[in-house]
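Notes for the one structure printed next.
The values are calculated or read from the model by the stated rules, or taken from the named source; none is laboratory data. Since this is a predicted model, take the numbers as computed values, not measurements. Cβ atoms come from the backbone with ideal geometry, glycine included; neighbour counts cover every protein chain shown.
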Amino acid sequence: MSALLHCRQKQTYIMTRIDTRNYPETAARRLAESGISSLLARIYAARGIMHVEQLEIDLKKLLPFTLLKHAEAMASVLADAIAADKKLLIVADYDADGATACAVGMRGLTALGAKVDFIVPNRFEYGYGLTPEIVRLAAKLSPDILLTVDNGIASVDGVAEAHKLDMQVLVTDHHLPGDTLPDAEYIVNPSQPDCPFPSKHLAGVGVMFYVLMALRAELRARGTFADKPEPNLATLLDLVALGTVADVVKLDDNNRILVHQGLQRIRAGRACPGIQALLRIARRPASQASSYELGFIVGPRLNAAGRLEDMGLGIRCLLTDDINEANEIAAKLDALNQERRSIEADMQDTALATLDTFDPAESYSLALFNKDWHQGVIGILASRLKDKFHRPVIAFARAQTGELKGSGRSIPGLHLRDALDLVSKRQPHLILKFGGHAMAAGLSIPEQALNEFSVSFESVVQEMLDSEALVRSIATDGELDAQEFSLRMARELQAQVWGQGFPEPLFEGEFRVQTQRIVGEKHLKLKLASPAGSFDAIRFFHADPAPDTVHAVYSLSINEYNGSETLQLIVRHW
């Protein structure tokens, strides 16, 4: 079932379709027979859960590290390095996944007896990944082995430079490989060719966690723990959960276990001081932490360091065991995030002014540049414009080297990295370098090539996308029965781990608007009535009045006020 609605953006009309998710009834019936409520059963079935075993959240149900190509071989090299007292240097990435992967590597390797330090490139000086420049900087610290986290799969030149300087390189990454792999000693990446690991959706932090599991097993086999206890790697799962959610990788069965276990630690007050401090500065109780807090509260504050200054600040926040130091760093990160939001708002205003007469019907893509845009914030700008216009967007800023750095975000149906690859193959002079995923990618182009790139990118997008994909789609789990409008059901839904590829349930229905008023100057507080009853509701960041009746898309939530809890509908669209 689907409904079509028109969203007005000045002269622009963006078609929005509301679709009800289909689900295999046999799977829903099987899940319900196992004791799951009929509503959750159909929700799970619509998300690919065929058997109740897929919902297991015990760590013993994690996929074994033995399936991850080269994990055991890399563990052997690391164990030898520990035995020989060699110096390891982690080369991190400057986003939340890279920061958490670095912190997991630092904490885990140290606990397992390694001598280890880290370096993280400043995105404005060195760019992304293990470049020859960052290798030469790393060499000043005299490491024996460079260990990349959340980068390295495309660092052919960087690995070659490291070998020239007599350093070994171990690559841990999760990004898609290019045509040529770097000549590292070992690469652990579920996306590399011939890797049998069933889940291709591990974040960079997840890959590092798996390497640590393999290393602990290798050290166990060597008798390292014969006279001392083994480190408990589960203490790192709060960091693994944060990086996994913040990097917006698919929450498949394996990733849901990692995130669930990490959230359990956070809720129990056993997170590292840095995560606790970041939740505290945002006034979010750790006991109620969910994927939302990780993705939209903690993650952006951590990312602000890499976007505006240096991710070293964020990594130190995750590494310190001193709660006072964690609070101080969290306050700095919160201030940077406020600055980032201000910069972003100005950039968005500029972009929307430029696009004042833009009609999505006339274009399949957007590529924009402004000489005043901040290189660290263009990814967020691209994401905002993608959401607004439902088109693949690449936003460019001028880099210190004189070229343009672009950050892109895509819509379902267009694999952005593949699109850039096709542009590059057809016109090799246009893109200096690129990399990324289906939904997000980065690239560099010569400034004089902007117009030519925009035309070429538009041509490729038109080939790869059909017109149906240009209609914004909101997927719901259908309508609720009267008895499903309950606090019990809201709690049951709130207890689950939702996220990318395993989306939070949304429902739809016809409502009569009984009352409405503005609260907090920008939110619409409503009383909605249907045959199922009368319900409190709110639509955040939407102050326009509602009509007398609405076909609404909403989620169930719990409103806490003066110690009491009531059911509240959060309206996402009407």
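I'd like the full set of residues that are assigned to a strand (DSSP E or B), without any contact (Cβ under 8 Å) to a residue 40 or more places away in the chain and over 19 Å from Tyr126 (Cβ atoms), limited to region 393-439.
Correct list: Val393, Gly408, Arg409.
Is region 140-149 home to any residue that is of a type in the set (Gly, Ala, Ser) and buried (at least 22 other Cβ atoms within 10 Å of the Cβ)?
no
Mind checking which residues of region 15-68 are over 20 Å from Pro505 (Cβ atoms) and among the hydroxyl-bearing types (Ser, Thr, Tyr)?
Hits for region 15-68 are Thr26, Thr66.
Kindly indicate the residue of region 348-392 that is hydroxyl-bearing (Ser, Thr, Tyr) and in a loop (DSSP other than H, G, I, E, B) and also nearest to the chain's Cα centre (by Cα) among those meeting that condition.
Residues of region 348-392 that are hydroxyl-bearing (Ser, Thr, Tyr), as a first pass: 350, 354, 357, 363-365, 383.
Those still in the list that are in a loop (DSSP other than H, G, I, E, B) too: 357, 363-365.
Details: Thr357: 32, Ser363: 28, Tyr364: 25, Ser365: 23 Å.
Of everything passing the filter in region 348-392, Ser365 is nearest to the chain's Cα centre (by Cα).
For region 1-29, which residues satisfy the criterion of being modelled with pLDDT of 95 or more and either exposed (fewer than 13 other Cβ atoms within 10 Å of the Cβ) or touching a Phe, Trp or Tyr at 6+ places or on another chain (Cβ under 7 Å) (or both)?
Matches in region 1-29: Asn22, Glu25, Thr26.
Just to verify a result, which residue in region 550-574, among those that are β-branched (Val, Ile, Thr) and surrounded by 14 or more Cβ atoms within 10 Å (Cβ to Cβ), is nearest to Ser473 (Cα to Cα)?
Among residues in region 550-574 that are β-branched (Val, Ile, Thr) and surrounded by 14 or more Cβ atoms within 10 Å (Cβ to Cβ), the one nearest to Ser473 (Cα to Cα) is Val553.
Residues that are out of contact with any helix residue (DSSP H, G or I) (no Cβ under 7 Å at 6 or more places or on another chain) and of a type outside the set (A, V, I, L, M, F, W, C): find the helices (runs of 4 or more DSSP H) completely inside region 186-278 holding 2 or more of those. Write out each step before concluding.
Working: elements: 204-221, 237-246, 253-267.
The helices (runs of 4 or more DSSP H) meeting that bar are 253-267.
Suppose we keep only residues that are assigned to a loop (DSSP other than H, G, I, E, B) and in contact with a helix residue (DSSP H, G or I) (Cβ under 6 Å, 6 or more places away or on another chain) within region 30-76. Which one would you say is surrounded by the fewest Cβ atoms within 10 Å (Cβ to Cβ)?
Filtering first and then ranking leaves Ser34.
Going by the structure shown, is Ala361 aliphatic (A, V, I, L, M), surrounded by fewer than 16 Cβ atoms within 10 Å (Cβ to Cβ) and free of Cβ contacts under 8 Å to residues at least 24 places away in the same chain?
no
Let's see how each residue does on (1) within 30 Å of Ser424 (Cβ to Cβ); (2) touching a Gly at 6+ places or on another chain (Cβ under 7 Å); (3) polar (S, T, N, Q); (4) free of Cβ contacts under 8 Å to residues at least 40 places away in the same chain:
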| residue | (1), (2), (3), (4) |
| --- | --- |
| Asp179 | yes, no, no, yes |
| Asp183 | yes, no, no, yes |
| Ile187 | yes, no, no, no |
| Phe197 | yes, no, no, no |
| Lys200 | yes, no, no, yes |
| Gly206 | yes, no, no, no |
| Glu218 | no, no, no, no |
| Phe225 | no, no, no, yes |
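Just for region 77-104: of the residues that are out of contact with any strand residue (DSSP E or B) (no Cβ under 9 Å at 6 or more places or on another chain) and surrounded by fewer than 24 Cβ atoms within 10 Å (Cβ to Cβ), which one is nearest to Arg220 (Cα to Cα)?
Selected residue: Ala79.
Give the residues of region 191-236 that are on the phi < 0 side of the Ramachandran plot, acidic (Asp, Glu) and modelled with pLDDT of 95 or more, sorted by residue number.
Across region 191-236, the qualifying residues are Glu218, Glu230.
Looking at (1) more than 18 Å from Ala495 (Cα to Cα); (2) in a helix (DSSP H, G or I); (3) modelled with pLDDT under 95, which one does Tyr292 not meet, given that it meets all the others?
(1)
Could you pull out the residue among Arg123, Arg136, Arg107 that is out of contact with any Cys (no Cβ under 6 Å at 6 or more places or on another chain), over 24 Å from Gly262 (Cα atoms), basic (Lys, Arg) and not in a loop (DSSP other than H, G, I, E, B)?
Of Arg123, Arg136, Arg107, the one residue that is out of contact with any Cys (no Cβ under 6 Å at 6 or more places or on another chain), over 24 Å from Gly262 (Cα atoms), basic (Lys, Arg) and not in a loop (DSSP other than H, G, I, E, B) is Arg136.
Would you check which residues across region 271-324 are in contact with a Phe, Trp or Tyr (Cβ under 6 Å, 6 or more places away or on another chain) and free of Cβ contacts under 8 Å to residues at least 12 places away in the same chain and list them?
none
Do you know which of the residues in region 493-532 that are among the charged types (D, E, K, R) and either without any contact (Cβ under 8 Å) to a residue 40 or more places away in the chain or crowded, with 16+ Cβ neighbours inside 10 Å (or both) is nearest to Ile57 (Cα to Cα)?
Glu504
Need the failing condition index for Glu309 against (1) more than 23 Å from Gly442 (Cα to Cα); (2) in contact with a helix residue (DSSP H, G or I) (Cβ under 7 Å, 6 or more places away or on another chain), just the number.
(1)
Quick check: is even one residue across region 296-305 part of a helix (DSSP H, G or I), more than 19 Å from the chain's Cα centre (by Cα) and not polar (S, T, N, Q)?
For region 296-305, residues part of a helix (DSSP H, G or I), more than 19 Å from the chain's Cα centre (by Cα) and not polar (S, T, N, Q): absent.
Surrounded by fewer than 19 Cβ atoms within 10 Å (Cβ to Cβ), of a type in the set (S, T, N, Q) and in contact with a Ser or Thr (Cβ under 7 Å, 6 or more places away or on another chain) - does that describe any residue in region 383-406?
No: zero hits.
Select from region 145-174 the residues that are assigned to a loop (DSSP other than H, G, I, E, B) and either touching a Gly at 6+ places or on another chain (Cβ under 6 Å) or closer than 20 Å to Glu72 by Cα (or both) and list them in ascending order. Write out each step before concluding.
So the first thing to find is which residues in region 145-174 are assigned to a loop (DSSP other than H, G, I, E, B), and the list is 150-155, 165-167, 173-174.
Once the filter is applied, which keeps residues that are assigned to a loop (DSSP other than H, G, I, E, B) and either touching a Gly at 6+ places or on another chain (Cβ under 6 Å) or closer than 20 Å to Glu72 by Cα (or both), region 145-174 yields Asp150, Asn151, Gly152, Ile153, Ala154, Ser155, Asp173, His174.
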